[in-house]
Structures are given as structure tokens and as C-alpha cells.
Amino acid sequence: MIMCLRTALTSLPLIALPAVAAEPAAVIDITSVGPAMFIFTIAGALLLTLIFRSTAAHVAHFVVARFGEFCIRRALEARSKDVLHDFILPGAYGGLVKIDHAIMTAGGVLCIQTKHYNGIIFGEAQEPQWTNVDGVNRRKFLNPLIQNEGRTRALQKILPNLPVANLVVFTGAVEFTTTPPKNVIRVRELESFIAKFVFGPSKLKDWDAAWLTIKSAALTDKDTRKDFSAQLGFF
């Protein structure tokens, strides 16, 4: 559904343009305004088309991201009552880190980072940057496994005996050129991944107390969010 909406938004101006070109006399009288004005009008129409497509692409990305977040929250809350979303912790090496989602499972905590993309993803587990190709658009982004490792360690620092795993979830219509690295999945695989995920042996005895400690450490107030935004701006 999201892909259909995205395609319609970004294609609409190009669908309409051939109709205009097919009957120029119905739109503009070239003999009365001259060739220069006709060319100017066509150039303006093309410019508006490009602007519209760019705006539509941003709107479509926003919709995909919102819908993806909704799917992730629904999947997590279907698996456990112990879930946290969009919170900040002191970093393992200083500063602050923002965690997209965390869920307590039967054997430990999954620290989840979400990525909202469409198209093809290129990237290996140890590469510092990955690449997304979506139609004619090509962008590089930080390796989300490496990026989320610091967040995972921030969670681990709260309770050293608590097993914490790094998980990256892609929303949108994405395809990988090779088998994705371990712990990199699509949103539709999230529930089954949680159900089958097995941690190693743990010495932790009181899981409820462990989760309460994490909830107590989670920062969600406005001042902390401002500090986090300022930290991002500094870098």
C-alpha cells in the first residue's frame, strides 16, 4: 500500500505532462506569445515537475517512516509488555545516545535501531558505510550495526550481567544484494525473530528488577532531548 502511494505521488506530474504536450494549442497559442514564451512556459512546467517530485519523495519517505514505526511498535508490543521506545541513555563512553526501541525477551534485551528506506541496500557487517539505491537516488549512510553497537553497550553498562543484543530493522520495501549480516532484518520478520532468538547463558536472577532498572535509567524529558540535539549539532 505504501509503495503504491509513493509511486503515485512521484509519478503524477510525469503522467500529466504528455497530455499537455500532445495538444499544445489547447494550452497555449504559440503564434500569439512567440516561441520564447512557449519555451519559457515548458521550462517552467518541467521545473515545477521536478520540484513536485522532490516534495512528493520527501512526503512519501515521511509516510513510509511513520508506517514503519507503527509496524515495529505493534510487533514489539505483541511479543512483550516490557518495551521502551525512543529514549536516551548516558553513553558507554560519555555523552548521550538515543535508542529507538528496547524489548525484554525470555533471555535478555534487544537493542533495536530502525532504518526507513526503499530500494536496494549494499553493505557488509564490517564496512563503515552502507549504500542505498532507490531509483535514481543514491545515498550513503553509516553502518547501522556499528552505529547501534554504542547504544547496545550503553544498555549493557546499566546492568553488566544482562545480555543485550544489537538488532537492526529495515522498514519500507528494501532488498539486499547479498544475505544480510546477522541481526539485520526486515520489519515483517521482527516477530518471528524475537520468538526464535536465543541468548547465551545468563547469571541474572530477577528479570523484573532488571527491566525496572532500565526504565529508571531511561531519559525522556525535554531538557535531555535538547542536550542530545545540541550534542548532534556540535558534531
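The values are calculated or read from the model by the stated rules, or taken from the named source; none is laboratory data. Treat the numbers as computed from the prediction; the structure is a model and nothing was measured. Positions of Cβ are backbone-derived with ideal geometry, glycine not excepted, and every protein chain shown enters the neighbour counts.
Overview of values
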| quantity | calculated |
| --- | --- |
| Given (1) at pLDDT below 90; (2) within 17 Å of W211 (Cα to Cα), number of the condition I103 does not satisfy | (1) |
| Output for the range 59-91, where each listed residue is at pLDDT 90 or above and outside any helix (DSSP H, G or I) | D82, V83, L84, H85, D86, F87, I88, L89, P90, G91 |
| Within the range 129-178, tally of residues that are over 18 Å from the mean Cα position of the chain (by Cα) and surrounded by fewer than 14 Cβ atoms within 10 Å (Cβ to Cβ) | 5 |
| Residue in the range 111-122 that is more than 16 Å from the chain's Cα centre (by Cα), in the same structural domain as W211 (by TED's automatic domain parsing) and under 24 Å from D221 (Cβ atoms) present | no |
| Qualifying residue in the range 122-133 (condition: assigned to a helix (DSSP H, G or I) and of a type in the set (S, T, N, Q)) | no |
| Hits in the range 100-145 - residues which are over 24 Å from I88 (Cα atoms) and among the β-branched types (V, I, T) | I120, I121, T131, V133, V136 |
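This table checks each residue for (1) exposed (fewer than 12 other Cβ atoms within 10 Å of the Cβ); (2) assigned to a strand (DSSP E or B); (3) modelled with pLDDT under 90.
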| position | (1), (2), (3) |
| --- | --- |
| P180 | no, no, no |
| E189 | no, no, no |
| L204 | no, no, yes |
| A230 | yes, no, yes |
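A quick yes/no check of all residues on (1) surrounded by fewer than 18 Cβ atoms within 10 Å (Cβ to Cβ); (2) among the polar types (S, T, N, Q):
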residue: G68; (1), (2): no, no
residue: L76; (1), (2): no, no
residue: I88; (1), (2): no, no
residue: L110; (1), (2): no, no
residue: Q113; (1), (2): no, yes
residue: G119; (1), (2): yes, no
